[in-house]
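Data first, discussion second: the structure below is written as C-alpha cells.
Each reported figure results from applying straightforward, stated rules to the coordinates on display, with no laboratory input. This is a predicted model, so every value here is computed, not measured. Positions of Cβ are generated from backbone atoms using ideal geometry, with glycine treated the same way; all protein chains shown enter the neighbour counts.
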Amino acid sequence: RMNTFVRKVLVDDGEESLGFAIDRLVAEVLAEAEIEGPPVDCLTLAVKLRLVVAVDRRQQARGRCARLASPDGGLQDAIFVRPEDRSERTQWTVAHELGEHFAHELFARLRLDLDDAGPGLREQSANAFANRLLVPTAWLGAAGEAADWDLPALKRRFATASHEVLARRMLDVSRPVIITIVDDGAVVLRRANFASRPPRPSPLEHRVRLRACETGRPADQRDDAVRVRAWPIHEPPRRREIVRLDVLEAFDVETA
C-alpha cells in the first residue's frame, strides 16, 4: 500500500513529479551512452551501460533482471528476455527492465522509499520509463510538430517504439488530444490529456475509424472544433486502428 508521501507526490500531483524525474533520468542515461537522437536501440544502450542482454526461452515473463557471476569473480547485471515475434516488443521489454534497473535511483531522487512504494507503483514507473526511453520527451515535441503528429511518420523516426507506445506518448504533450485504440472493433484504450474522463467516441471519430478500417489506409477529417485522424495497424491476426482527435478550439467535454 502506498504511504502518504508516495500518494501525495505521485497521485495528488497527477504523476507530474514522476514524469519529470523520469525525463531527467532518461536524458542523463542517453547522454552517458552518447545517444543524441532517435531511434533508441535499447539493446545497444544496455551494452553501453555494461549490462548483458540474453534470451531465455524457458521464462514465462517478458523480461527479468538478474546478477550473474562474471569471469573476474564479480557480479554482472543482466537482462533476460523471452523470444518475441516483433522487435518492438523486445525493445520495450529491455527498456522496461532498464526502468527496473534504475528504480532505486529514480525513487531516491523523489525522496521515496522504494520498498514502501509496492510492486504496483514500481511497475507503473518502469512502464513510464520504458515509454519515455523509447520516445524521449526532449525529442518528441519537435519531431511531432515537424511530422504534423502523423503516426506513420513518427514510427519511421522512432523506429524501435511500437505504434501503441507512440500513441500513448502523444498524450504527454500540451496539445489537447484524445487517443483511442480499437482492436477488432472493440475499444481497448481511450484517454485524453485534458480530462480524466474523455467523452464517448463521436460520430465523426466512428466514421473516420471505419473508413480507415475498411480501406486499410489512413483517414483524416475535420470540422470547426476538432480534427480526427485514424491509422490502420492491420497486422494479422489483429486488426487495430489508432484514432487521434485534436481539439482545434474550446468545447464542452461533457456534451461533445
**Asked** So in the chain, what percent of DSSP beta bridges are antiparallel if you round to the nearest 5?
**Response** 90 percent
**Asked** Roughly what would the spin-label model give for Arg197 and Glu145, points 7 Å off Cα along C-beta, in nm?
**Response** 3.5 nm
**Prompt:** If you put +1 on each Lys and Arg Cβ and -1 on each Asp and Glu Cβ, how big is the dipole of segment 157-256 around its Cα centre, in Debye rounded to 20?
**Reply:** 280 debye
**Item:** R0 of 30 Å, Cβ-Cβ distance Leu189-Gln76: FRET efficiency to nearest 0.05
**Value:** 0.20
**Prompt:** Which value, in debye to the nearest 20, gives the size of the charge dipole of the chain about its Cα centre, when Lys and Arg are +1 and Asp and Glu are -1 at the Cβ?
**Reply:** 700 debye
**Prompt:** Using θ = phi - 60° and the Karplus curve 6.51 cos²θ - 1.76 cosθ + 1.60, what whole-Hz ³J(HN,Hα) does each residue of segment 164-170 get, with Gly and Pro shown as x?
**Reply:** 5, 4, 5, 4, 5, 5, 4
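Treating the beta-carbon of each Lys and Arg as +1 and of each Asp and Glu as -1, no other charges, what is the dipole magnitude of segment 126-181 about its Cα centre, to the nearest 20 debye? Working shown, then result.
Values: 7 positive and 5 negative charges, 27 e Å.
Here segment 126-181 has a charge dipole of around 120 debye.
Rounded to the nearest 0.05, what FRET efficiency do Asp223 and Arg175 give with R0 = 22 Å and r taken as the Cβ-Cβ distance? Could you check? Numbers along the way, then the final one.
Numbers: r = 18 Å, r/R0 = 0.80.
For Asp223 and Arg175, the calculated efficiency is 0.80.
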**Item:** Approximate spin-label separation Arg239-Glu28, in nm, with each point projected 7 Å along Cα-to-Cβ
**Value:** 4.8 nm
**Complete:** In whole Hz, the Karplus estimates of ³J(HN,Hα) for segment 121-128 (6.51, -1.76, 1.60; θ = phi - 60°; x where Gly or Pro) are 6, 5, 5, 4, 5, 5, 4, 5
**Prompt:** Highest mean first, what order results for 214-222, 229-237 on Cβ atoms within 10 Å?
**Reply:** 229-237, 214-222
